[in-house]
Amino acid sequence: MKSFIHYLKLISTRIIILYLIGYGIIHICLDAKASQRTANLLALNRIRPESFNYLVKLSKEQVEPDADSIDGFVHYYEKVLQFVGHRADGYGLLAYSLCQKGEKKKCVEAYKRAIKENATFFWYYHNLGVVYYQDGRYKEAFDILSQGVVLPPEATFTYIGTSQRLYVPLLSMDSEDIRPKLISEYRLGHKDSYLMMVQSAYGLKDYKEGLQLAIRAIENQLDQRGEFYFYAGLASHELKDYPKAVYFFKESMKRDEKNHEVVYHLALSIQAAGKAQMAQKIIQKSEGLKRLSGSTAYSDQNFALKLY
């Protein structure tokens, strides 16, 4: 009996010793990880660009990016991902910087990775769609943009609010209250996504799809300047539904009566409907509008990346 009790005491002592050793190892590991995180943050602070004004300027103005100026941002966001981990916002801003530098292939891969890390963030789909659209890759642009426009906007707003180290500082450079800006920016980006989808469908000669998208955008009250009525008219003309094309072009003119492009295509549809004399007068009007300063053309639209 005494030997059994001695045996139990021995086992208990060993268990306590092992527990203390394990406890110590865990704390050493935790301290090491905490120390490593601190070291990583210090390293990031050392290489952090002094100012992000240049990136903000690129997102607002049509200026030619300087590759040397962009290099520092590329390096910084690469280190963010290396030291802090796989963050969607880090991949997004790396992609933006790479694209401004002209490295489109790496930019595309970074945006794809951002989507993998956060599949509910609207702006990654928008920006990747812009890259594809600018390169004439209309099928890819259409596919990615169509995924983005159906996402709930609140998910995007919420994620931006959680990005205290990356997104919030960039957005709060203009104003402390960023929510009104987020809502306004989203509405414009949502509209631009639909415009790129419509134009991509047109580039793919899928006029039925383009017409349906334009009508959906009109129903969603995205058309303030007549763009979607214009593209609905173009698609109807290509589908040889000239009366419908005339209707859409006239609706577009109600919203932008000085746009020579709309007036010209209205004339073409009227001519195709068999009213050549009336069409000629309207063509002359479109030529006069084109000579006037300030006349616009929807085909001259330039879609830009947003700083996300």
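The values are calculated or read from the model by the stated rules, or taken from the named source; none is laboratory data. Not measured: the values here are computed from a predicted model. Glycine gets a Cβ as well: all are built from the backbone with ideal geometry, and neighbour counts include every protein chain shown.
At-a-glance table
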quantity	calculated
Residue check for S286: modelled with pLDDT under 90 and in a loop (DSSP other than H, G, I, E, B)	no
Count - residues of region 212-256 that are touching a Gly at 6+ places or on another chain (Cβ under 9 Å) and not in a helix (DSSP H, G or I)	1
Tally of residues being hydrophobic (A, V, I, L, M, F, W, C) and modelled with pLDDT under 95 across region 211-221	0
Matching entry among G233, G226, G189 (being under 23 Å from F121 (Cβ atoms), in contact (Cβ under 8 Å) with a residue 12 or more places away in the chain and of a type outside the set (A, V, I, L, M))	G189
Residue pairs meeting the criteria (Cβ under 6 Å; at least 6 apart or on separate chains; first more than 12 Å from H265 (Cα to Cα), in region 241-255; second aromatic (F, W, Y) and crowded, with 16+ Cβ neighbours inside 10 Å)	E251/Y229
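Yes/no matrix, rows are residues, columns are (1) in contact with a Ser or Thr (Cβ under 8 Å, 6 or more places away or on another chain); (2) modelled with pLDDT of 95 or more:
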{"residue": "D192", "(1), (2)": "no, yes"}
{"residue": "V198", "(1), (2)": "no, yes"}
{"residue": "E209", "(1), (2)": "no, yes"}
{"residue": "Y229", "(1), (2)": "yes, yes"}
{"residue": "L234", "(1), (2)": "no, yes"}
{"residue": "F248", "(1), (2)": "yes, yes"}
{"residue": "K281", "(1), (2)": "no, no"}
{"residue": "S295", "(1), (2)": "no, no"}
{"residue": "F303", "(1), (2)": "no, no"}
